[in-house]
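Below is one structure; the comments refer to it alone.
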Amino acid sequence: QVQLVESGGGLVQPGGSLSLSCTASGFTLDTYTIGWFRQAPGREREAVSCIRSEDHSTRFEDSVKGRFTVSSDNAKNTVYLHMNNLKPEDTAVYYCAINWDSIHRHYDDCYYGMDYWGKGTLVTVSP
């Protein structure tokens, strides 16, 4: 059964750290381009990070660059988003997603064509 599931969200104080997991079932996650996105209350969804399928290179958006990192554990079919020095404006529902076609070709825009999504996990940064 094909599934993509995020976990690890919760309440954390400003300046704290939290790691999120994105675990795939029914397919091999690291053969696809993977994106992390978030949506804060009252705001549009925004990109956070992307991992390319072809070489596992990464990018981070300016809002999180220098504070967030990604890693993977292929044995667990899981990728992680490590969030450090969290700020109240990081409060959002965080999603992972993949581009099904990225196993076949390169896309110049790493975030393009994300067509399979997890349900999301809520991160709240508050004192």
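The values are calculated or read from the model by the stated rules, or taken from the named source; none is laboratory data. Computed from a predicted model, the values in this text were never measured in an experiment. Cβ placement follows ideal geometry from the backbone for every residue including glycine, while neighbour counts extend to all protein chains displayed. In case anyone asks, the SASA skips ligands and DNA or RNA and just uses the protein heavy atoms, side chains included. Shrake-Rupley method; radii C 1.70, N 1.55, O 1.52, S 1.80 Å.
Rolling a 1.4 Å probe over the heavy atoms of the protein chains gives the chain an accessible area of 53 Å² per residue. The lysines whose alpha-carbon is closer than 20 Å to the alpha-carbon of K119, local same-chain residues fewer than 8 away aside, are K76. Placing +1 on the Cβ of every Lys and Arg and -1 on the Cβ of every Asp and Glu, with nothing else charged, gives the chain a dipole about its Cα centre of roughly 340 debye. The listed peptides 84-92, 28-36, ordered by packing as a protection proxy, come out as 28-36, 84-92 (highest mean of other Cβ atoms within 10 Å first).
Between W100, L81, L122, the Cα set farthest toward the positive side of the dipole of the chain (charges on each charged residue's Cβ, about the Cα centre) is that of L122. Surface composition of the chain: carbon plus sulfur atoms hold 47% of the accessible area, using a 1.4 angstrom probe and ignoring ligands, DNA and RNA. Taking a straight Cα-Cα cut-off under 16 Å and skipping sequence neighbours fewer than 8 places away in the same chain, the lysines within cross-link reach of K65 are K87. Shown here for the range 28-81: trypsin sites (Lys or Arg not before Pro) in loop regions (DSSP other than H, G, I, E, B) with at most 13 other Cβ atoms within 10 Å, namely R43, R45, K65. With a Förster radius of 25 Å applied to the C-beta separation of T31 and T69, the computed FRET efficiency comes to 0.70. One Cα centroid belongs to the range 1-52, the other to the range 54-127; the line between them spans 5 Å.
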